Amino acid sequence: MGDDRTPITVVTGCLGAGKTTLINHVLRDPGDRRVAVVVNDVGEMNVDTELIQGETDDVIDLSNGCICCQLQDDLRSTLSRLDDREFDSLLIEASGVSEPIPLARTLLGMDDETPDPTEKYRLDTVVSVVDTVGFDNAFDAETGQLSDQAADGQRPLTDVLVETVEFCDLLLLNKCDAVSDESLDEVAALVRELQPNADMIRTTYSEVPADEILDTGRFDFDDARQSPGWKRALAGGDDGHDREGDHTHADHDHDDHGGHAHDAGESVADRIETVVYERERPFHPERLNAWLDDWDGNLARTKGICWIAGWDDNAMGLNQAGPSVRCGPLGEWSPDERETRLVLIGTDIDEAGVTAELDRCLVEDEEREPALAENGPFPRR
């Protein structure tokens, strides 16, 4: 039995990636569909609305906020206000600082608030538009870093950039004409390592047929939530894991990268590595903090749980995306659960070197004292 609810396509991506250009392109050639648009921008005036307005009359402006947080109620109300309009598909352009998972939960009715969007709508596709120039700069220590300044108290831009890549079902590598072939292949390989499951298309000026982003039937929340490369690496790390000994392993398996016509070539992909680091000894807080302050520019992504001496009641979550590094409590764990499990993703990682650096951050037996936490560098609950 078919689903007659209106499909929603969410377009995510950092500032300047090409989201508005994509929407305008689709609106100019939507096929036989009538498309409505909800535009969200952070600021008192939504410039994107003015850019899109000439293409369709069905534009709803959600300005001066972010639909992944304070404008969730506005988004639900907006969908209700669209009841008197006739259209076949709905495009939602998220702001450049919107986090994709809270937005998806709202559209899937998972926040138990009313009105429930799922009565008339179904989340169909989540598109991440990747600015290949910005991405290349963000994770290349030689060319400089993407600005890590958060806008109006929002999370650092590199955090949002990585999470929009990790939570989607379609990746558009945009501005491909603005980088060299080698850089483009490297970006594609790194993006694929961060997000192994999504379809990937290379674009210039966000030009892609409407059929690729409208009513595709691609989206599955559980698949999208579990698809980031670091989660897959940790899951793979459980296979044959020897609980009695400390170990690391590098994941060089790129076989699942096949079947995507736009993926990078083998020689470039081989430079992209995933290292899993697991230890059953805690970190010394000061030494770990010093290591985090002097992060390796080749590491695009580090994610996982840390055991830090003196913080023995709290599992500490580590989240690094480019120059943005955060570490804080996730929740309590029992004594027999304590261990460090990290995934490091990057280009030309010196596995032995980074493993040795992290091992030097571990405590010695005589250092495992609660006093390590006094005036320490990490927050508590």
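The values are calculated or read from the model by the stated rules, or taken from the named source; none is laboratory data. This structure is a prediction, so every number in the text was calculated from the model and none was measured. Neighbour counts are summed over all protein chains in view; Cβ atoms, including those assigned to glycine, are modelled from backbone coordinates with ideal geometry. Calculation scope for accessible area: heavy atoms of the full protein, side chains included, ligands and nucleic acids excluded. Shrake-Rupley method; radii C 1.70, N 1.55, O 1.52, S 1.80 Å.
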Inset, instruction - Hey, can you tell me all the residues within segment 351-367 that are among the charged types (D, E, K, R) and assigned to a helix (DSSP H, G or I)? - result: E351, E357, D359, R360, D365, E366, E367
Inset, instruction - Go through (1) crowded, with 17+ Cβ neighbours inside 10 Å; (2) out of contact with any helix residue (DSSP H, G or I) (no Cβ under 8 Å at 6 or more places or on another chain); (3) modelled with pLDDT of 80 or more one by one and return the number of the condition P117 breaks. - result: (2)
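One residue is enough: does segment 134-153 have a residue meeting the conditions at pLDDT 90 or above and either open to solvent by less than 10 Å² (accessible area, probe 1.4 Å) or in contact with a Cys (Cβ under 7 Å, 6 or more places away or on another chain) (or both)?
Initially, segment 134-153 is screened for residues at pLDDT 90 or above, giving none.
Looking through segment 134-153, none of the residues is at pLDDT 90 or above and either open to solvent by less than 10 Å² (accessible area, probe 1.4 Å) or in contact with a Cys (Cβ under 7 Å, 6 or more places away or on another chain) (or both).
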Inset, instruction - Considering each residue of segment 301-315, count those that are farther than 21 Å from G229 by Cβ, in contact with a Ser or Thr (Cβ under 7 Å, 6 or more places away or on another chain) and assigned to a strand (DSSP E or B), and give that number. - result: 0
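Can you tell me which residue is modelled with the lowest pLDDT among those in segment 52-102 that are part of a helix (DSSP H, G or I) and under 21 Å from E212 (Cα atoms)? Even if it seems obvious, please write down each step before you answer.
Here is the first cut: in segment 52-102, the residues part of a helix (DSSP H, G or I) are 52-53, 72-84, 100-102.
Okay, now just the ones that are also under 21 Å from E212 (Cα atoms), so 52, 100.
On the way: I52: 46, P100: 81.
This residue is I52.
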Legend entry - Lone qualifier among T20, T49, T12, T6 - being at pLDDT below 50 and not hydrophobic (A, V, I, L, M, F, W, C): T49
Legend entry - Of all residues in segment 316-350 being part of a loop (DSSP other than H, G, I, E, B), over 19 Å from P377 (Cα atoms) and open to solvent by 10 Å² or more (accessible area, probe 1.4 Å), the one that is modelled with the highest pLDDT: E339
